Each structure stands twice: as structure tokens, then as C-alpha cells.
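Below is one structure, written out as C-alpha cells; comments come after it.
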Amino acid sequence: MEYQQFLNAPQQVRSAYFRIADHLVRIDIPVLLAMDKCLPTFSAFIADPDVLEEPLLSVSLSIAEVPQDDPQAKLLSDISVLWNESFRFEETADHYITTIQASTGSGIWKMVSSKDFVRSIIYAPVCELYLTAKFSWLIMIAYGQAALQRHTALIHASVVKRKGIGYIFLGKSGTGKSTHSRLWIENIKDTTLLNDDNPAIRLYDNGEVAVFGTPWSGKTACYKQEMVGLGAIIRLEQAPFNKLQWRQGKEALIALLPSISAIRWNPHLYANMLQIIETVIQHAPIGLLQCLPNKEAACLCYAEASRIRPR
């Protein structure tokens, strides 16, 4: 169907449900669109709706004309490592607005979210829906904030699993998180990759802390609907030697804080994030690994991390 015909066609909507970190997510899109092409990394997370369960997140996709900018909107940020100058994040009395410039032409992607991010409408240029990951990325932004209110956090990290235990590697972009995961997989028997960019950590009332795969794994195609217990979290720093030190209290919090996203302008969401971090610190060892990108670093990290059990 031609672009203009698509825009002029009646826009009936259908719903699909996904389960991410054991939370139900509802996505509504126009029936003329193919869900698997809009969200190709979500196939392992398809779920049957539970009529008794309130979705964590409801997102509606619209290819209607993008609403005009609100003159009362306050710019909170136009800085994004991923989107550079193409990104804007704004606030109105009732909503947050996330805008990304389209890659083709002069169109834009715009997400209008409730203040708790439980409901969002994403306005998209239909010509880009099958060509970019922007739709998925915007859902990830909304999910990452809404989940904080249910004891769950997306964490920018790479995570491997071994015998039901997950080991999370943090660090600035380019530090070598993916490389360190690969070194574990190559040198430590029974180790596999769970997620390479944005796994989820979830706290349970019984004290369990779990790590989940998600549909968001960066450049690595690793989209697993799997859960493991949390073993340890290690922040990586490049160094001319291999040395692992365990962190406690404030130092542990500082190690985790940059890797978990919360809207700092929203005190409720930010407080939820801090509470999650504090619980994780009480449960699992937090370490700093100064290392080379070699086998010895992976073996040292594994030996130390597997020796210290979660509390």
C-alpha cells in the first residue's frame, strides 16, 4: 500500500500482549501494520492477555498527523548519546514528551506519556516503521520508567548466565562489557549470554532478586525470554592489569547509579530507582574490575564472583 493511501485508510487498531520481566505489556497498532515487522525483537515475549492482570504499560502507535508542539512544554533535555541533536525530552503539566527526528525526510517520532509512563501514544512516520528500531526504543524508554514502580529496573549492561545464576557487567560505552561477556563464554564452561545491552532486574517480595532477558539487546541479537537469579554485578574499568575489588555502601551505589535510568525530574520515579539499588546492594556483591580484555580477567572475575554468594 502506498504511503498516502495508508494515511487515508481507516485506522482500525489491534492489540498484542508481551511479557517482559514477568510484566504484561500491551501494544496497540493499526491493523494494516505487521506487528512482527514493527517489533521484530519481541517475538519471544508474546503473551496471552490475562484479563485479571493490569498491564504494566500500554502503548498505542499512531500514524496520524503528529500533534503540534505545546507552547507551554518545558525542555528538560536535548542530550542523547544515541540520537545526538535529534532528541528532545519535554514536560507539560500532565505529560512527558519524547521526540526523535526521523532518519528520512523531515518527519519526527513523538511519544506522549503520562507522568508515570503507564500510558503512551507514539506518533510515527509510517515509512520508517519497518526500517528503524525507534519504535522499540521508545517503548523501552516508557517501560524502563513504568517498571520502576513495580520493583523492576532496566540496566545498561551485558549479562551472562551460568547454572541459573546471572552475572552483570557494567561500564561506560566502549569499556568492554560485551568483550568481557564473550571472554566468559569462551573460557568458562556452561556460560551463555542472556542479554547484551538492557537486561531487567526485578525484586520480589520473598527477597529474591532476578535478572531477565528483554527485547532490547543492542547490536547483539540476543532476545531471550529467560530468568536467572542475580549472582553479582561488576563494573568494568580498562587498566593495564587485572584486579577485582568489592564495593560496599556509598561506593556500591555509585557503581550502579549511572547504569539504571530514571527521570531525575520526577522525584517519585527517582526515589523508586534508589530503593531498587539499595535492595540490590543488600542482596548481591557489587565489584569493580580493573582489567585487560583477556582470558585471565574473565577467569579472575568468575572465581571471585562465584565464591561470594548473594546474601
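The values are calculated or read from the model by the stated rules, or taken from the named source; none is laboratory data. In this text, all values refer to a predicted model and were calculated from it rather than measured experimentally. Cβ atoms come from the backbone with ideal geometry, glycine included; neighbour counts cover every protein chain shown. Surface areas here come from the heavy atoms of the whole protein model, side chains and all, with no ligands, DNA or RNA. Shrake-Rupley method; radii C 1.70, N 1.55, O 1.52, S 1.80 Å.
Anything in region 136-166 that is farther than 21 Å from THR220 by Cβ and either surrounded by fewer than 19 Cβ atoms within 10 Å (Cβ to Cβ) or of a type in the set (S, T, N, Q) (or both)? List them, or say none. Correct list: GLN145, GLN149, ARG150, HIS151, THR152, LYS163, GLY164. Does PRO310 satisfy the condition of being in a helix (DSSP H, G or I), modelled with pLDDT under 95, of a type outside the set (Asp, Glu) and touching a His at 6+ places or on another chain (Cβ under 9 Å)? So PRO310 fails the test. Restricting attention to region 181-209, the residues being out of contact with any Gly (no Cβ under 6 Å at 6 or more places or on another chain) and either within 23 Å of GLU278 (Cα to Cα) or open to solvent by 40 Å² or more (accessible area, probe 1.4 Å) (or both) number 19.
Checked against (1) crowded, with 16+ Cβ neighbours inside 10 Å; (2) of a type in the set (D, E, K, R); (3) more than 30 Å from PHE117 (Cα to Cα), ARG235 passes all but condition (3).
Which one is nearest to LEU203 (Cα to Cα), of the residues in region 18-33 that are assigned to a loop (DSSP other than H, G, I, E, B) and open to solvent by 30 Å² or more (accessible area, probe 1.4 Å)? Among those residues, the one meeting the criterion is ASP22. You will find that of LEU75, LEU61, the residue that is touching a Cys at 6+ places or on another chain (Cβ under 8 Å) and modelled with pLDDT of 85 or more is LEU61 and no other.
Condition check for THR192 on (1) without any contact (Cβ under 8 Å) to a residue 40 or more places away in the chain; (2) under 18 Å from the mean Cα position of the chain (by Cα): one failure, at (2).
Counting the residues of region 42-95 that are outside any loop (DSSP other than H, G, I, E, B), within 27 Å of GLN12 (Cα to Cα), of a type outside the set (A, V, I, L, M, F, W, C) and open to solvent by 70 Å² or more (accessible area, probe 1.4 Å) gives 2. The residue that is farthest from ALA297 (Cα to Cα), among those in region 136-184 that are in a loop (DSSP other than H, G, I, E, B) and in contact with a strand residue (DSSP E or B) (Cβ under 8 Å, 6 or more places away or on another chain), is HIS151.
Modelled with pLDDT of 95 or more, in a helix (DSSP H, G or I) and either open to solvent by 60 Å² or more (accessible area, probe 1.4 Å) or closer than 18 Å to VAL159 by Cβ (or both): does that describe ILE277? Criteria met by ILE277.
On inspection, LEU269 passes the criterion of being under 30 Å from LYS115 (Cβ atoms) and part of a helix (DSSP H, G or I).
I'd like the residue in region 116-135 that is open to solvent by less than 10 Å² (accessible area, probe 1.4 Å) and assigned to a strand (DSSP E or B) and, out of all such residues, is nearest to ILE29 (Cα to Cα). Among residues in region 116-135 that are open to solvent by less than 10 Å² (accessible area, probe 1.4 Å) and assigned to a strand (DSSP E or B), the one nearest to ILE29 (Cα to Cα) is ILE122.
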